[in-house]
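Engineer: So that we are looking at the same thing, I have put the structure below in structure tokens.
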Amino acid sequence: MSLEPVITEVQAGQPVPVDNELRGRLVLVTGASGGIGAGCARDLFLHGANLALTYSSNKAPVDALISELQAQDSTRKFSSHKVDMASDEDMTKLFEEMEQIHGHGPDVLISNAGYGKRIPNIVDIPISEWDYTIQVNLRASFVLCKLAVPHMAQQKWGRIILMSSIAAIGGGINGCHYAASKAGLDGMMRNLSLKLAKDGITVNNVAPAMIGETGMIPNAGFLVGTPGDVKNIPVGRLGTPQETANVVTMLCKTGYLTGQSILLSGGLK
Ligand SMILES: NC(=O)c1ccc[n+]([C@@H]2O[C@H](COP(=O)([O-])OP(=O)(O)OC[C@H]3O[C@@H](n4cnc5c(N)ncnc54)[C@H](OP(=O)(O)O)[C@@H]3O)[C@@H](O)[C@H]2O)c1
């Protein structure tokens with residue numbers, strides 16, 4: 001084995017450019033039929049991105065979102081895809097469709113689609129529910145990253161953002177099945193951030209808590225009597241999809257930031 005240092009491209013005098021531009025880049029937002037996904041899509045559109053948006057059972061919100069954004073800029077490219085994150089076949093088809101429509105895979109992956117049946121107590125969590133939650137929240141993000149990385153690595157630029165949760169650090173209103181699925185994302189993110197930095201790809205998480213205007217938490221009334229009750233949130237209100245999108249966009253626009261999970265919880269621990 002040689003003891004000579006490995007000469008990287010950087011050491012060889014090819015500095016890595018600062019490039020945080022989103023204009024013209026393809027952003028894949030999964031779960032864009034939901035509150036946080038739609039918020040992210042709108043905000044990244046404002047920063048010039050082309051959008052590939054997924055839904056699972058609710059097509060209408062994605063159709064409406066695309067019409068709304070198309071009316072603002074008809075030069076932008078949009079595509080909508082029906083994807084069940086429990087299906088490898090659907091995820092593979094999603095990447096084939098993006099290739100056909102956009103000519104390549106995503107430059108930015110926002111793996112946001114998620115599922116969490118609220119069952120606080122371990123004794124009540126069916127083993128099948130554990131398996132399904134891990135499949136949709138953790139396994140699907142792995143498959144999406146695996147499919148997205150080759151294009152990003154080839155062009156030496158990419159952003160991956162996984163939608164975690166305060167549950168990953170033990171908080172929130174759900175049970176250990178949901179917590180484990182989100183904590184798994186954290187480990188995968190930290191590993192990938194180290195492995196992929198050399199390819200110009202950053203990998204981060206957003207870990208929200210108590211974001212209203214979503215299917216998961218429609219309004220504050222939904223949380224009364226739970227640890228997420230507004231009276232327990234230090235800032236005194238729910239968060240919004242727009243605020244979650246602000247953090248996602250910041251991560252996309254800050255290529256020096258990688259391997260981090262940003263807790264967005266109004267001060268909740
Ligand atoms: N709201 C919060 O306070 C909060 C807190 C922490 C983390 N999160 C995370 O934020 C993400 C977005 O959730 P949200 O709050 O915006 O809730 P939401 O409005 O209910 O959105 C959930 C999204 O995930 C999609 N989805 C669910 N199961 C799916 C499956 N099997 N295959 C494909 N897509 C699926 C839904 O698609 P369809 O509607 O088309 O079926 C929808 O687009 C999730 O990962 C969630 O765990 C939310």
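The values are calculated or read from the model by the stated rules, or taken from the named source; none is laboratory data. Please read these numbers as outputs of a predicted model, since none were measured by experiment. Cβ coordinates were reconstructed from backbone atoms using ideal geometry, including for glycine residues, and neighbour counts include every protein chain displayed. All accessible areas refer to the heavy atoms of the entire protein, side chains included, with ligands and DNA or RNA removed. Shrake-Rupley method; radii C 1.70, N 1.55, O 1.52, S 1.80 Å.
Engineer: Looking at (1) touching a helix residue (DSSP H, G or I) at 6+ places or on another chain (Cβ under 7 Å); (2) open to solvent by 10 Å² or more (accessible area, probe 1.4 Å); (3) among the β-branched types (V, I, T), which is the only condition T226 fails?
Structural biologist: T226 satisfies all of (1) touching a helix residue (DSSP H, G or I) at 6+ places or on another chain (Cβ under 7 Å); (2) open to solvent by 10 Å² or more (accessible area, probe 1.4 Å); (3) among the β-branched types (V, I, T) except (1).
Engineer: Identify all residues within segment 84-123 that are within 19 Å of V27 (Cα to Cα) and within 12 Å of the ligand (Cβ to nearest atom); write none if there are none.
Structural biologist: D84, M85, D90, M91, L94, I110, S111, N112, A113, G114 - these are the residues of segment 84-123 that are within 19 Å of V27 (Cα to Cα) and within 12 Å of the ligand (Cβ to nearest atom).
Engineer: Does any residue of segment 116-130 turn out to be under 24 Å from G239 (Cα atoms), open to solvent by less than 60 Å² (accessible area, probe 1.4 Å) and either in contact with a Cys (Cβ under 7 Å, 6 or more places away or on another chain) or modelled with pLDDT of 95 or more (or both)?
Structural biologist: Looking for residues that are under 24 Å from G239 (Cα atoms), open to solvent by less than 60 Å² (accessible area, probe 1.4 Å) and either in contact with a Cys (Cβ under 7 Å, 6 or more places away or on another chain) or modelled with pLDDT of 95 or more (or both), one finds at least one in segment 116-130, hence yes.
Engineer: If you go through segment 29-43, how many residues are of a type in the set (S, T, N, Q) and open to solvent by less than 10 Å² (accessible area, probe 1.4 Å)?
Structural biologist: 1
Engineer: Separate question: So which pairs qualify, if the first residue must be in segment 173-190 and within 17 Å of N112 (Cα to Cα), the second must be basic (K, R), the Cβ gap must be under 9 Å, and the two must be at least 6 apart or on different chains?
Structural biologist: Y178/K117; Y178/R118; S181/R139; G184/R139
Engineer: State the number of residues belonging to segment 240-262 that are open to solvent by less than 20 Å² (accessible area, probe 1.4 Å) and either under 22 Å from V16 (Cβ atoms) or of a type in the set (D, E, K, R) (or both).
Structural biologist: Final tally of qualifying residues: 4.
Engineer: Take the residues in segment 14-28 that are more than 16 Å from the ligand (Cβ to nearest atom) and hydrophobic (A, V, I, L, M, F, W, C); name whichever of them is most open to solvent (accessible area, probe 1.4 Å).
Structural biologist: V18
Engineer: Restricting attention to segment 190-209, does a residue exist that is within 15 Å of I36 (Cβ to Cβ) and open to solvent by 30 Å² or more (accessible area, probe 1.4 Å)?
Structural biologist: Among the residues of segment 190-209, not one is within 15 Å of I36 (Cβ to Cβ) and open to solvent by 30 Å² or more (accessible area, probe 1.4 Å), which makes the answer no.
Engineer: Does S57 count as within 8 Å of the ligand (Cβ to nearest atom), surrounded by 13 or more Cβ atoms within 10 Å (Cβ to Cβ) and under 20 Å from the mean Cα position of the chain (by Cα)?
Structural biologist: No.
Engineer: Across segment 63-81, what is the total count of residues that are within 15 Å of the ligand (Cβ to nearest atom), surrounded by 16 or more Cβ atoms within 10 Å (Cβ to Cβ) and not hydroxyl-bearing (S, T, Y)?
Structural biologist: Within segment 63-81, residues that are within 15 Å of the ligand (Cβ to nearest atom), surrounded by 16 or more Cβ atoms within 10 Å (Cβ to Cβ) and not hydroxyl-bearing (S, T, Y) number 3.
Engineer: Now for a different question. Would you mention how many residues in segment 161-207 are in contact with a Pro (Cβ under 9 Å, 6 or more places away or on another chain) and assigned to a strand (DSSP E or B)?
Structural biologist: Qualifying residue count, segment 161-207: 1.
Engineer: State which residue pairs qualify: first residue within 12 Å of V143 (Cα to Cα) and in contact (Cβ under 8 Å) with a residue 40 or more places away in the chain and inside segment 85-107, second residue of a type in the set (F, W, Y) and open to solvent by 50 Å² or more (accessible area, probe 1.4 Å) in any location, beta carbons under 7 Å apart, and separation of 6 or more residues or different chains.
Structural biologist: Qualifying pairs under 7 Å: A86/Y132.
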